[in-house]
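Okay, so here's the structure we're looking at.
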Ligand SMILES: C[S@@+](CC[C@H](N)C(=O)[O-])C[C@H]1O[C@@H](n2cnc3c(N)ncnc32)[C@H](O)[C@@H]1O
C-alpha cells in the first residue's frame, strides 16, 4: 500500500523522504530510545507513516499547513489504521501550540523557517532529546563559493548557511552534521538532564 503514496508523491511532485533519509531517522529512533516524535511538515503523511510502521510503539504528532496535503494524509492514515499512533494537525507550524514534550523533533518544512521553529519548540523537547533537520546541503550549493543561481535560490542558500553556522555555535545542543546523508542532515542533541 505504501506504493500508492509513493506513486502519488512522484506524480504530483510532493517531496517525501527517501530511503536513505528514512534509514537515518530509524537509526536515530533506535539509538536515542525515541518514544515520541514531533514532525514539522507532514506533506501527505509518508514519513510519519514509515516511522510508525518502523516502531508501532512510537507516538507521533505532525503538522502540515497545506490543506490538500493534509486531507490526503488523513486518508492515508486511515488506510493504514494509524490515527491512534499519529496525530495530524492542519496548521502553520509558526502558529501551532502544544504543551507536549517529545524525544525527537523532525524539521522537514520550509527551509527558511528552521531557526524560528527550532527556537519556538525548544521547550517541547526533552533534555537528551534530538532534532533531525533535513536538506541542509541544497544539492551542494551551500559548499560553493560562487553561485550562479537565481536571487531567490541564493537567498535561501544564504539562510541555510546562516542556520548551519548558528547551530554549530548553539551551546544548547551538541551538533553533528552528516553532509553525506541524503541532501545533508543535521542531528542536534539537547543538552541537560
Ligand atoms: C518536504 S515536505 C514534508 C515531507 C514529509 N515529511 C515526508 O517526508 O513525507 C515539506 C512540507 O512542509 C509543509 N510546510 C512548509 N511550511 C510549513 C509551515 N510553516 N507549517 C506547516 N507545514 C509547512 C509544506 O506544505 C510541505 O508539505
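We did not get these values from a lab; they are worked out from the coordinates using the rules stated. This structure is a prediction, so every number in the text was calculated from the model and none was measured. Note that each Cβ is placed from the backbone with ideal geometry, even for glycine, and that neighbours are counted across all protein chains shown.
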Proxy reagent accessibility, fewest Cβ within 10 Å first, across 158, 19: 19, 158
Between residue 11 and residue 26, 0.36 nm times their residue separation minus their Cα-Cα distance comes to what? 2.8 nm
I need 169, 87, 65 ordered by Cβ neighbour count within 10 Å, fewest first. 169, 87, 65
Report the equivalent ellipsoid semi-axes for segment 92-193 in whole Å, largest first, defined as the square roots of five times the eigenvalues of the gyration tensor built from alpha carbon atoms. 25, 15, 11
Helix-only CD estimate at 222 nm, as mean residue ellipticity for the chain, using -39500 (n - 2.57) per DSSP H run (n ≥ 4): -11500 deg cm²/dmol
Can you put 38, 54, 163, 24 in order of Cβ neighbours within 10 angstrom, beginning with the fewest? 54, 24, 163, 38
Based on alpha-carbon positions alone, could you give the equivalent ellipsoid semi-axes of segment 49-104 from the gyration tensor, as √(5λ), descending, whole Å? 18, 16, 8
What percent does the relative contact order of the chain come to when contacts are Cα pairs within less than 8 Å and at least six residues apart? 19
Gain in length, residue 120 to residue 92, computed as 0.36 nm per residue apart minus the alpha-carbon separation, to one decimal in nm? 8.8 nm
Please report, in Å, the Rg and the Dmax of segment 2-190, where both are computed over Cα atoms only. 16.1, 49
Once both labels are modelled 7 Å past Cα along the beta-carbon direction, what's the residue 168-residue 83 spacing in nm? 4.7
